[in-house]
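A short write-up of the structure that comes next.
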Amino acid sequence: MTRAPRSTVPVDEASYDRLRLSQWLAGRARGDGMSRRGVLTLLAAGTAALALPAPVRAAAATSPGIVKPLPDEWFTLRGTNAETKWEALRGTGYLTPADRFFVRNHTSTPVVDTTTWRLRVWGSGLRGGTGLDDAVEFGLDDLRALPPVEHTAFVECAGNGRSFYTSQQGQSVSGTAWTLGAVGVARWRGARLSDVLRRAGITRHAVDVMPRGLDDEYVTGGVGLGRVRRPLPVAKALDDVILAYEMNGEPLPYDHGRPVRVLVPSWAGISSVKWVGDIEVSAEPLYSPWNTDFYRLFGPGFPEAGSAPLTRQTLKSAFELEAGAAFPAGVRSVLHGRSWSGAGGVRRVEVSTDGGATWRRAGLRDVPRRDGWVRWSVPWRPRTPGPAVLLARATDTAGRTQPDEAVFNTQGYFFDAVVRHPVVVAGRDVAGGDRPGRSMYDADH
Ligand code: MTE
């Protein structure tokens, strides 16, 4: 077995990002796709058209680009994407079942033939410096022959919660109007990316690693940006990244990357490239629209060129309830939810049932776990019929607590503020009627 090459880039993410940002601004990093100015112009033009709240397709609609069934009770369709309804996670256990897992597709799910699929690894960061034509190739069996690893981790879109910039903070942002359902936790099994890179002959000169998907080229506003691809610093690529071929003990479903996806634990979902077809290993810095113009923070609080590319996910909480769920007055119910963080496990969750006036600790069902979430619950006996607002606020093992307000950025990424969840307290008879909020009349016995 070859030994791990020594990296020539800073190993911590913050230094890496600062370095790349300054290199890019100085014109010393290579980008591809369109120019930054071009994409910024496009984004500016698109902001008005895409301003929230974006229309949600009729519940009965089907999304032509997604293979799996998308029943109304589990999903809200948003363009080429499907958002998981939080009430559909009630009672599902720690792992999100693959059939309820959200789908974020820039275009549509390609159905890739597993038997002929090859992963091509190439670039100036490999011994001898190979081009795409003489890439080192791996088939699915080659990956399966490598020592397998399993990791339970969330995949979450950086834009998860984006709609609350508008509905809670009155701000206009561009992008898909997710509520909180662009996240799921699965048990991923696959080969270590580091094992593949070493077998391909990565050298100590490699600095960036860029996986690219086999789905169609992404075209936005009439401009083709090429196929989905986003560079990773070599330090992260050699750390905990997996080339996953299984999800929750089954071969990856088509919509989640079959036959193989990259899984980058704790980072924004865009890093976890699905249907990976090739990986460029480069001795010079790489850029794509997905780490220059998308997936950075732009706005009044950020440098003109934007923040460093987004890496670790932020901190969030959600109730396993639909908005407007009804509770019977005078009856003890149990509220359930989950909290997660990209900076470590969640160690404390507080819940308010009176719009934030008072808070109590929720009982945690799971130990704080890096890259996963904790399930929690808290009993509630509402007294007065009428509207009420539920809030949940998490604190992670890194000491971060969800704030009251998220920092505005034009593309609405990384919403981390406490979300106001509206419910209705009804007369006692609601429990015996058609039970609109049945899932939360959970036994407290
Ligand atoms: N990979 C490819 N090839 N094409 C895509 O559109 N979307 C990315 C990422 N990987 C995407 C991709 C984004 S933005 C997210 S949030 C996750 O996949 C979503 O993963 P999922 O659809 O399995 O939930």
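The values are calculated or read from the model by the stated rules, or taken from the named source; none is laboratory data. Note that this is a predicted model, so its numbers are computed, not measured. FYI the Cβ positions are ideal-geometry reconstructions off the backbone, even for glycines, and counts take in every protein chain you see. Accessible surface is based on the protein model in full, side chains and every heavy atom, while ligands, DNA and RNA are left aside. Shrake-Rupley method; radii C 1.70, N 1.55, O 1.52, S 1.80 Å.
Select, from Asp133, Asp113, the only residue that is away from the ligand (no atom under 15 Å from the Cβ) and in a helix (DSSP H, G or I).
Exactly one of Asp133, Asp113 is away from the ligand (no atom under 15 Å from the Cβ) and in a helix (DSSP H, G or I), namely Asp133.
What strands (runs of 3 or more DSSP E) lie completely within segment 319-431 and have 3 or more residues being of a type in the set (A, V, I, L, M, F, W, C) and in contact with a Pro (Cβ under 9 Å, 6 or more places away or on another chain)? Step through it out loud before you land on a result.
Details: elements: 325-328, 333-341, 346-352, 373-380, 386-396, 421-426.
It comes to 325-328, 386-396, 421-426.
Going by the conditions given, is Pro231 in contact (Cβ under 8 Å) with a residue 60 or more places away in the chain and either touching a Leu at 6+ places or on another chain (Cβ under 9 Å) or outside the structural domain of Val67 (by TED's automatic domain parsing) (or both)?
Values: in contact (Cβ under 8 Å) with a residue 60 or more places away in the chain: yes; either touching a Leu at 6+ places or on another chain (Cβ under 9 Å) or outside the structural domain of Val67 (by TED's automatic domain parsing) (or both): yes.
It is true that Pro231 is in contact (Cβ under 8 Å) with a residue 60 or more places away in the chain and either touching a Leu at 6+ places or on another chain (Cβ under 9 Å) or outside the structural domain of Val67 (by TED's automatic domain parsing) (or both).
If the requirement is being surrounded by fewer than 23 Cβ atoms within 10 Å (Cβ to Cβ) and within 15 Å of the ligand (Cβ to nearest atom), which of these qualifies: Arg229, Arg187, Arg199?
Of Arg229, Arg187, Arg199, the one residue that is surrounded by fewer than 23 Cβ atoms within 10 Å (Cβ to Cβ) and within 15 Å of the ligand (Cβ to nearest atom) is Arg187.
Considering only residues of segment 274-299 that are touching an Asp or Glu at 6+ places or on another chain (Cβ under 9 Å) and of a type in the set (Phe, Trp, Tyr), which is nearest to the ligand (Cβ to nearest atom)?
In this case the residue turns out to be Trp275.
List the number of the failed condition for Ser163; all other conditions in (1) open to solvent by 10 Å² or more (accessible area, probe 1.4 Å); (2) within 15 Å of the ligand (Cβ to nearest atom); (3) under 28 Å from Val419 (Cβ atoms) hold.
Evaluating Ser163 over (1) open to solvent by 10 Å² or more (accessible area, probe 1.4 Å); (2) within 15 Å of the ligand (Cβ to nearest atom); (3) under 28 Å from Val419 (Cβ atoms) leaves (2) as the failure.
Answer yes or no as to whether Asn248 is on the phi > 0 side of the Ramachandran plot, more than 11 Å from the ligand (Cβ to nearest atom), touching a residue at least 24 places away in the same chain (Cβ under 8 Å) and out of contact with any Gly (no Cβ under 8 Å at 6 or more places or on another chain). So that I can check it myself, show each step before the final result.
On the way: on the phi > 0 side of the Ramachandran plot: yes; more than 11 Å from the ligand (Cβ to nearest atom): yes; touching a residue at least 24 places away in the same chain (Cβ under 8 Å): yes; out of contact with any Gly (no Cβ under 8 Å at 6 or more places or on another chain): yes.
Spelling it out, Asn248 is indeed on the phi > 0 side of the Ramachandran plot, more than 11 Å from the ligand (Cβ to nearest atom), touching a residue at least 24 places away in the same chain (Cβ under 8 Å) and out of contact with any Gly (no Cβ under 8 Å at 6 or more places or on another chain).
Out of the residues in segment 263-273 meeting the condition of being surrounded by 24 or more Cβ atoms within 10 Å (Cβ to Cβ) and more than 8 Å from the ligand (Cβ to nearest atom), tell me which one is nearest to Leu143 (Cα to Cα).
Leu263
Check whether at least one residue in segment 310-317 is more than 10 Å from the ligand (Cβ to nearest atom), touching a Ser or Thr at 6+ places or on another chain (Cβ under 8 Å), closer than 30 Å to Asp133 by Cβ and polar (S, T, N, Q), and report yes or no.
No, the conditions are met nowhere in segment 310-317.
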